[in-house]
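Presented below is the structure to which this report refers.
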Amino acid sequence: MSTSTPAANDPAKTDLPLGTTAPYARMHKWLRRAIFVCLFALVIEGAFTVPALALWYGWPTLSFTEICSELMKVRYSDDTLECEHPYPLSGPPFGGPPEAAGQKTARDDWGIQPKPGWDRIGFRELIQIRDDRVARQEAAQQAPPPR
């Protein structure tokens, strides 16, 4: 007499991954393949996003720190903001106040869906914005003081 069950003798059912039943085996196989494709696509997309954005904003004319500083100046309408490099380990999110805490210079329209008060930044437009700001600052320094 045999004490084994018919399911134990069926090689198709014993080769299934843990947690998969025979009726759902094909679906799990295709889901696994689709998930791997999506994960690889996300890795590829992530690998090209930062270099593409850096080129868009003005690298190699501007360094990464200058790009960060210019973006903060545009976002908060404050020409005194600078990005810290190297970033302090005690800074947010590990401690200290959040970025731009207490800023009152942003020209955003606040509501249910906030609308930024600045236009979209075009291809390598941060270079022109920085050059214009530097020219304004130099002109202000060279202008004679009012009497």
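The values are calculated or read from the model by the stated rules, or taken from the named source; none is laboratory data. The shown structure was predicted, so the numbers you read here are calculated from the model rather than taken from an experiment. When we count neighbours, we look across all protein chains shown, and the Cβ atoms used for this are built from the backbone with ideal geometry, even at glycine. These area figures cover heavy atoms from the full protein model, side chains too; ligands, DNA and RNA do not enter into them. Shrake-Rupley method; radii C 1.70, N 1.55, O 1.52, S 1.80 Å.
At-a-glance table
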quantity	calculated
Where only C-alpha atoms are counted, convex hull volume of the stretch 23-147 per residue in Å³	221
Pairwise FRET efficiency - V37 versus F64, Cβ, R0 = 30 Å, nearest 0.05	0.45
In nm, spacing of pseudo-spin labels at Q137 and L18 (7 Å Cα→C-beta vector)	6.0
Unpartnered cysteines - no second Cys beta carbon under 4.7 Å - across the chain	C38
Extension gain (nm, one decimal) between I121 and W30, 0.36 nm per residue minus Cα-Cα	28.6 nm
Inter-site label distance for T49 and D109 at 7 Å from Cα along Cβ, in nm	2.8
Extension gain from E84 to W56, taking 0.36 nm per residue of separation minus the Cα-Cα distance	7.9 nm
Exposure rank, largest accessible area first [K115, K104, K29; 1.4 Å]	K104, K115, K29
Given charges at Cβ of Lys, Arg, Asp, Glu: the chain dipole, positive-most of P92, G102, Q128	P92
